[in-house]
Structure formats: C-alpha cells, structure tokens
1. Could you pull out the trypsin sites (Lys or Arg not before Pro) across segment 26-112 that fall in loop regions by DSSP (anything but H, G, I, E, B) with no more than 15 other Cβ atoms inside 10 Å?
2. Going through the DSSP H helices of the chain, which span 15 Å or more along their own axis at the Cα atoms while scoring at least 0.0 as a mean Kyte-Doolittle hydropathy?
3. Per the helix-only calculation at 222 nm, which mean residue ellipticity applies to the chain, given -39500 (n - 2.57) for every DSSP H run of n ≥ 4 and division by its residues, nearest 500 deg cm²/dmol?
4. Projecting each Cα onto the charge dipole of the chain (Lys/Arg +1, Asp/Glu -1 at the beta carbon, about the Cα centre), which of Thr14, Val161, Gly216 comes out farthest on the positive side?
5. Counting other beta carbons within 10 Å of each Cβ, put His241, His150 in order, fewest first.
6. If each Cα of the chain is one equal point scatterer, what is log10 of I(q)/I(0) from the Debye formula at q = 0.09, 0.12, 0.13 Å⁻¹?
7. So how far, in whole Å, is the C-alpha centre of segment 186-204 from the one of segment 63-119?
8. Taking the Cα-to-Cβ direction at Asp56 and at Lys213 and moving 7 Å from each Cα, how far apart do the two end points lie in nm?
Amino acid sequence: MAIYNDKKYINKNTILSYAKTNETFLKGEVKGVIIELPGLDGCSCLGGNLNLGDYDTEHAKDFAEYGIILAYMFPGPWSWGNKSAIRMTNAVVDAIADKYNLKEGFPLVVSGGSMGGLGTLNFIAGTTRKVTAAAVACPVMDALYSMGCHPEFPRTLLSAVGSYDMDYEDALETISPVHKIGEMPSIKYYISSDGDDELIPEVQIENYAKALKDKGCDVIYRPQPGLKHGQFTKEVWNEQHEFMIRAILG
C-alpha cells in the first residue's frame, strides 16, 4: 500500500476543516472516538450536518460528557463511501489520535445512516485502523440497485465513482457493502432498518445482518416496522446511542 503525506493538509491543527466535532464540550480525558459519515447531500439521520463549527446537538454533548469525541466527516455530499471518503476519514482519525495522544488501538466507533451507513461499512472494510464497533441505520446495501431508487441517485452515484478506471457497474460494486461481506472484521455491529423504507428494501438490510451473523460477527439487528427512511423509534435511538457509549467505555 502506498503511503502519502496526508498530514501536510489534514492534521491536528486543521481537523475542523475536514470534520465538525464536539471537542468544545469534552469533559476530562479522551476515552475514545466516534466517527459519523454523512448521508446524501450532507444530511444525517443521526444529527450531523456540513456546517462548520461545533457539533452541538444533545446527542453530541452527551458523548462529550463521557469523554468521547464525536466527529462528523466532510468527505463531500455525494461521496458514497468512495476511495476519497475513506482516505479523508483515515486522515482525520489519525489527526485526532495525534492531537489527543491516543495510544494505538484506542476505542473507535464508526457510524452513519443511509449513504452514511454505506460509507461506514465501506470504511470498516477499507481502513487499516482497528475499529471497535459500527452503528448503521437504514444503510444503502447495493449501489447499482440504488441507481433506480430515486431520481437524485444516479448523478450522485456516478459522480462518486466517475474517476474509477473501470465500467460504472464494476465501480458501483466496489462501494456496495453487499459485495464486501468477506472483508468485514469480527467486531460489534448495531444495524437498524425501517419497515416502510421507500428507498432501501428492508429485506436487503436484514439479509446483510444475517450474513454478518453467519460469518460469526456480533450483530444487534433492529427492524422498525412502519417507519420511513431515516426514522427512529425512541427505543432504537436510545439503544443505539448506548451501544456506542458501551463500545467505547467497555
């Protein structure tokens, strides 16, 4: 694997140009890091957005109370977990680790919903860092299938893989979690789906969660009957939040 000098641009002094964090609200020493990958157009069902400044939701502030850094990545609103998104996320994780003198193997959770869920799973499959756990909500499973799910999707998906030196179909497969089961590490996963999801068939997510379980991974899967894409029941939202805290603190 080639090694580049990404620290020249993405480092402990420039983190906030590439991610928004809850650092302002941190209490005590840093216990671990949660990375959140964005949904399409920068939206997030978990609370993040692409605006510069503090990550100041109650969700983010609660993590800070436990000494957990939450960083919402800025890889681009149409990134779809592509190579660029993975590279930038790796660099931001490295920068946070450097800034807070975190030891190798520190607790690292990756999270996201929809496109961010896909990005989360792609990052875990592609990073050289050890990831502790993942929390994904209504994740896109198959990019080629999603080309026909919404009029907005084709231009965004092809934009994400347009620089890949291969046919579009092959390129879309490289960013599709459904084709990466064999690359997923044996970590803890929290996966939720929405029963009336108008964009991603719930059965795709259910089958993915089952495939991870069959592979021997520790998977909590929570279907949510009657909900639309990106929605949460209060119970699942709270359980996912607690899952991430426990993954960091042990």
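1. Details: sites: Lys27, Lys31, Lys61, Lys83, Arg87, Lys99, Lys103; in loops: Lys27, Lys31, Lys103.
Those satisfying the criteria are Lys27, Lys103.
2. Values: long enough: 83-99 (24 Å, 0.13); 115-126 (16 Å, 1.07); 202-214 (18 Å, -0.81); 234-249 (23 Å, -0.41).
Answer set is 83-99, 115-126.
3. Numbers: 8 runs with 86 residues, N = 250.
Per the formula, -10500 deg cm²/dmol.
4. Thr14
5. Working: His241 16, His150 13.
In increasing order of surrounding Cβ atoms, one gets His150, His241.
6. Reported log10 I(q)/I(0), two decimals: -0.34, -0.63, -0.75.
7. Taking the Cα centre of segment 63-119 as reference, the centre of segment 186-204 is 21 Å away.
8. The modelled label-to-label distance comes out at 4.2 nm.
Laboratory data are not the source of any read-out in this text; all were calculated from the coordinates shown. Since this is a predicted model, take the numbers as computed values, not measurements. Every residue, glycine as well, gets a Cβ built from its backbone with ideal geometry; the counts of neighbours run over all protein chains shown.
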